[in-house]
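For reference, the structure discussed in these notes is given below.
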Amino acid sequence: MTHPDTKFVHGEGESAYHYGAVAEPMVLSTTFRRSSDGTFPYGFDYGREGNPNRSELERRMAALEGGVDGAAFASGMAAALAIFQSLKPGDHVVVSEDIYFGVRDALVSHFRVWGLNVSLVDATNVQNVADHVQQNTRVVFIETPSNPMLQIADIGAISQIARAYGALLVCDNSLATPLFQQPLAHGADMVVHSTTKYVNGHHDAQGGIIITREKSDHWAAVRSLQKSFGAVPSPFNCWLASRGLATLPVRVRHQSTSALILAQRLVKHPNVQEVLHPGLESSPYNELALRQMSGLGSVFSFLVRGTETEAIRVAGAVRLFQRATSFGGPESLIEHRASIEGPATKTPGNLLRVAIGLEDVDDLWSDIAQALEAASAGA
Ligand SMILES: *Cc1c(COP(=O)(O)O)cnc(C)c1O
């Protein structure tokens, strides 16, 4: 069997690019010629319906997640929301509480108005999911690890509950990547990614994708939404995301190693109250994370000793870390998460989320350490 790292570079088997090109060529054409008999010889007719670079990304991501098909979207949000758009008013969904705030926000502000019944539950406790599924539950949607709290949900246990009710289990795998976690192998039915993050990996292309374990009626609905609502990614962004896949294992392993080192150092820092990283033995999710994942990723959070004021002061004092949202690129980022999530946030005011990039780990440590000290000296 091919090692996963090789699969990230080559996909499944030989690529059939024109001209014998080794690197994937980009096809920008929005329209494709018919043959004299009226058929489309290459299977493409119009850019919103399909494009060679989009197909390539969908095919490669499906293979990496162990699925049978993928549908790429213009953003992670468009991908995640297509799951809910494919349901009917009156349907019920169970969604984990610490989900990406944009998804939670859209469910509460748009989908409830539209008639979807939404139960937000703490999915780290499987019993909560069991207590909320009901006969009309169509989808259970989880994100694990979640952010910014870095909570871990048990995909296998939740999939059994979902299956017993005929509901689909969908897992947002953006933080774990297909390298470190395979939700479909644990029993999920679909996987969602914001490819904007680790997949593209360079903070320069927005995108999202859904991968399915089987070609069900629900999948046909997702495919149909992709084409008719038209929130599709450009060929260039698909090309960038596919290009990112080749280096994903090298980037993500390096970033994750640095992240755990920094988390372990932060635990011992007097100006830090708590570090939220599933790789720490002190984490309540450590055992489950190690069982379910083969690596832990490079996003984690820490609570600054003090209040929101002290936390914002620390973020204000970094020199190498960039004060910006997102994760997965070469540049390390730091963010006062409650500020971007807005007044409805449940995120602690003294929480800072970091996304570790590809800089030297000791340079990163010097920067966080000086920021923690500068902030407390200025108090
Ligand atoms: C960023 C993110 C999204 C949304 O993706 P966009 O590309 O920003 O639309 C969804 N889920 C998770 C876990 C994310 O980090």
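The numbers here are math on the coordinates, done by the rules we state, and not lab data. Here the structure is a predicted model, which is why all the values come from computation and not from measurement. Note that we place each Cβ from the backbone using ideal geometry, even for glycine, and neighbour counts take in every protein chain shown.
Taken over the range 213-254, the convex hull of the Cα atoms encloses 103 Å³ per residue. When the convex hull of its Cα atoms is viewed from all sides, the range 293-371 shows a mean projected area of 5.7 nm². Relative contact order for the range 86-133: 48 percent, from Cα pairs under 8 Å spaced at least 6 residues apart, divided by residue count.
Compare 278, 348, 25 in a GNM of the chain, Cα atoms joined below 10 Å, and give the one with the largest fluctuation. It is 25. Summing Cβ point charges (Lys, Arg +1; Asp, Glu -1) relative to the Cα centre of the range 310-379 gives a dipole of roughly 420 debye.
Packing, taken as the mean count of other beta carbons within 10 Å per residue, orders the peptides 328-341, 61-74 from highest to lowest as 61-74, 328-341.
Each 10 Å bin from zero up to the one holding the largest Cα-Cα distance in the chain carries the following percent of pairs: 5, 24, 32, 24, 12, 3, 1, 0. Taken about its Cα centre, the chain carries a charge dipole of about 540 debye when Lys and Arg each add +1 at the Cβ and Asp and Glu each add -1 at the Cβ.
Of the two radii for the range 47-89, the radius of gyration is 1.02 times the Kirkwood radius, both from the alpha carbons; that is the Rg over Rh value.
Relative to the longest principal axis of the Cα atoms of the chain, the long axis of helix 235-267 lies at roughly 20 degrees. Between 177, 30, 144, the GNM of the chain built on Cα springs shorter than 10 angstrom shows 30 fluctuating the most.
Could you compute the FRET efficiency for residue 281 and residue 125, with r as their C-beta to C-beta distance and R0 at 25 Å, rounded to 0.05? After rounding to 0.05, the efficiency reads 0.75. Take each peptide in 32-38, 166-172, count the other Cβ atoms within 10 Å of every residue, and average; sorted highest first, the result is 166-172, 32-38. The Cα-based radius of gyration of the range 1-109, divided by its Kirkwood radius, gives an Rg/Rh of 1.06. The angle between the Cα long axis of helix 76-85 and the main principal axis of the chain comes to about 60°, on a 0 to 90 degree scale. Quick one: pull the percentage of alpha-carbon pairs in the range 95-144 with a separation above 11 Å. Across the range 95-144, Cα pairs with separations above 11 Å total 67 percent. In percent, rounded to a whole number, the relative contact order of the range 212-346 is 16, using alpha-carbon pairs under 8 Å and six or more apart. Based on every Cα atom in the range 237-372, Rg and the maximum pairwise Cα distance Dmax equal 15.0, 45 Å. Bridging of residue 215 to lysines at a Cα separation below 16 Å is possible for none of them, once same-chain residues fewer than 8 apart are set aside.
Here r is the Cβ-Cβ distance between residue 48 and residue 6 and R0 is 35 Å; the resulting FRET efficiency, rounded to 0.05, is 0.55. Look at the dipole of the range 1-51 built from charges on Cβ: of 2, 21, 35, the Cα furthest out on the positive end belongs to 35. Relative intensity of the range 203-297 on a log10 scale, I(q)/I(0) at q = 0.14 Å⁻¹, equals -0.81, per a Debye sum over C-alpha point scatterers of equal strength in the absence of solvent. Helix 308-317 axis versus longest C-alpha principal axis of the chain: approximately 80°, rounded to the nearest ten. Report the Cα centroid-to-centroid distance between the range 199-248 and the range 18-57 in angstrom, as an integer. Their Cα centres are 16 Å away from one another. Dividing the alpha-carbon radius of gyration of the range 160-226 by the rule-of-thumb value 2.2 N^0.38 Å gives 1.20.
How much of the calculated P(r) for the range 47-170 lies past 26 Å, in percent of all Cα pairs? For the range 47-170, the fraction of Cα-Cα distances above 26 Å is 24 percent. Radius of gyration over Kirkwood radius for the range 128-261, both on Cα atoms: the Rg/Rh ratio is 0.99. Note on the chain: with a GNM built from Cα contacts shorter than 10 Å, the maximum mean-square fluctuation among 351, 262, 57 falls on 262.
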